[in-house]
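Please read the structure below before turning to the comments.
The values are calculated or read from the model by the stated rules, or taken from the named source; none is laboratory data. Owing to the predicted nature of the structure, the values given are computational and were not obtained by experimental measurement. All Cβ positions, glycine included, derive from the backbone under ideal geometry; neighbour counts span all protein chains shown. Note: areas computed on protein heavy atoms with side chains; ligands, DNA, RNA excluded. Shrake-Rupley method; radii C 1.70, N 1.55, O 1.52, S 1.80 Å.
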Amino acid sequence: MEIVVFGAGSIGSLLGALLARVPDHDVTLVGRGPHVSAIRRRGLRVEGIESFTVEPQATTDGTDLAADLVLVTVKAYDTEAAARELRTGEFDAVCSLQNGMGNEETLAGYLDCPVLGGTTSYGAVRTDSGEVVWNGAGEIAVGPWAPRGDDETAATVGAAMTAGGLEVDVVDGAGIRRRLWEKLAVNAAINPTTALARVENGALGDEPGTDLVEPIAREVGATARAEGVTLSDEALVDAVGEVVTATAENESSMYADVQAARRTEIDVINGYVVERAREHGIDVPTNRTLWTLLRAWEAERGLRAIDA
Ligand code: PAF
């Protein structure tokens, strides 16, 4: 299968490398200059849970590409720009494997091919150009977003990922919407807390970290149910705990963003919870506080418009 991985950050590089090990897959990574140059010169090196080097194709130009499948792994605030580039190409399916909510709607708004929703709890950190550390065993869920009933495309994409040794759960249209809310709870609980406390994910597995994780997950649960998604608070608290354990040694993507003085995905994670909860008259004070703190940090560094 011809696969484009659009976004060669931590998770895109790891997934691209795992898929590039499959002899039948022809993988192209779309990323930034230095990383792309390093991959072209000496391949893509993975260290950690498994260590290996692969030689996928790599490019900085995401226009006019053609493939059976595109995995979108850019930051959520770059989804629209990615969709604009992708619409110049020809693809059989596009699957978002991003953090936060709203990515699938954006992709479906620009592209004619089937769009799949996806979640991943793999832990990875890009350490240098041409290198990524794989430090969290995880799972991927994929399911049809638009059209909602396109289970066949989801099964095909799931099989292509499974061939790369990835743990994949193929779910239906209702299932992927539930999984996206579950992943939202995971990111809402882990990402801002680790970024602000400057700790690895594992620090949230014990007191006092758990004191904060549980109310965040419960607030996401109340909002999800108001949106018509059946998820219990207990299931969400357990989901967060499982990812904390599986990615204990990982620095979350938001912690990495803050260390690199980059804009974060706080708006489409805790900010999304606050906005949706407000529509339903639900108070989500813990999520609101975290959203405000990260927005204040971004505004002070000029990473966002003051009133955004
Ligand atoms: O954003 C992240 O860092 C990841 O989604 C996860 C699964 C929380 C692991 O760190």
Exercise. Of all residues in segment 160-175, which are within 16 Å of the ligand (Cβ to nearest atom) and either in a loop (DSSP other than H, G, I, E, B) or buried (at least 23 other Cβ atoms within 10 Å of the Cβ) (or both)?
Worked result: Leu166, Glu167
For this session: Go through segment 110-153 and give me each residue that's within 16 Å of the ligand (Cβ to nearest atom), in contact with an Asp or Glu (Cβ under 6 Å, 6 or more places away or on another chain) and in a loop (DSSP other than H, G, I, E, B).
Result: Ser121, Glu139
Exercise. Can you tell me which residues in segment 107-159 are open to solvent by 40 Å² or more (accessible area, probe 1.4 Å) and among the polar types (S, T, N, Q)?
Worked result: Thr127, Thr156
Exercise. So which of Thr286, Thr292 is open to solvent by less than 50 Å² (accessible area, probe 1.4 Å) and of a type in the set (S, T, N, Q)?
Worked result: Thr286
For this session: Residue by residue through segment 248-263, note down the ones that are touching a Phe, Trp or Tyr at 6+ places or on another chain (Cβ under 8 Å) and either under 16 Å from Ile11 (Cα atoms) or near the ligand (Cβ under 10 Å from one of its atoms) (or both).
Result: none
Seminar exercise, completed: For segment 239-254, pairs from a residue that is more than 23 Å from Arg178 (Cα to Cα) to a residue that is open to solvent by 40 Å² or more (accessible area, probe 1.4 Å) and near the ligand (Cβ under 10 Å from one of its atoms), with Cβ under 8 Å and 6 or more apart or across chains, are Ala248/Glu200; Glu249/Glu200; Asn250/Glu200; Glu251/Glu200
Exercise. Quick check: anything in segment 185-195 at pLDDT 95 or above and more than 13 Å from the ligand (Cβ to nearest atom)?
Worked result: no
Exercise. Residue check: is Thr286 hydroxyl-bearing (Ser, Thr, Tyr) and either within 14 Å of the ligand (Cβ to nearest atom) or on the phi > 0 side of the Ramachandran plot (or both)?
Worked result: no
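Each row is one residue, and each column tells you yes or no for (1) touching a helix residue (DSSP H, G or I) at 6+ places or on another chain (Cβ under 7 Å); (2) hydroxyl-bearing (Ser, Thr, Tyr).
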site	(1), (2)
Ile216	yes, no
Glu219	yes, no
Ala222	no, no
Gly228	no, no
Ser232	yes, yes
Gly271	yes, no
Val274	yes, no
Ala277	yes, no
Exercise. Within segment 42-64, is even one residue within 16 Å of the ligand (Cβ to nearest atom), at positive phi and either in contact (Cβ under 8 Å) with a residue 60 or more places away in the chain or polar (S, T, N, Q) (or both)?
Worked result: yes
Seminar exercise, completed: In segment 197-221, residues that are of a type in the set (A, V, I, L, M), at pLDDT 95 or above and part of a helix (DSSP H, G or I) total 6
Problem set entry | Residues satisfying the stated conditions in segment 225-234, i.e. assigned to a helix (DSSP H, G or I), surrounded by 16 or more Cβ atoms within 10 Å (Cβ to Cβ) and in contact (Cβ under 8 Å) with a residue 12 or more places away in the chain | Asp233
Problem set entry | Given (1) surrounded by fewer than 21 Cβ atoms within 10 Å (Cβ to Cβ); (2) aliphatic (A, V, I, L, M); (3) within 14 Å of the ligand (Cβ to nearest atom); (4) within 20 Å of the chain's Cα centre (by Cα), number of the condition Ala203 does not satisfy | (4)
Problem set entry | Members of segment 239-276 found to be aromatic (Phe, Trp, Tyr) and open to solvent by 40 Å² or more (accessible area, probe 1.4 Å), listed by number | Tyr272
For this session: Assess whether Arg45 counts as being outside any strand (DSSP E or B) and open to solvent by 20 Å² or more (accessible area, probe 1.4 Å).
Result: no
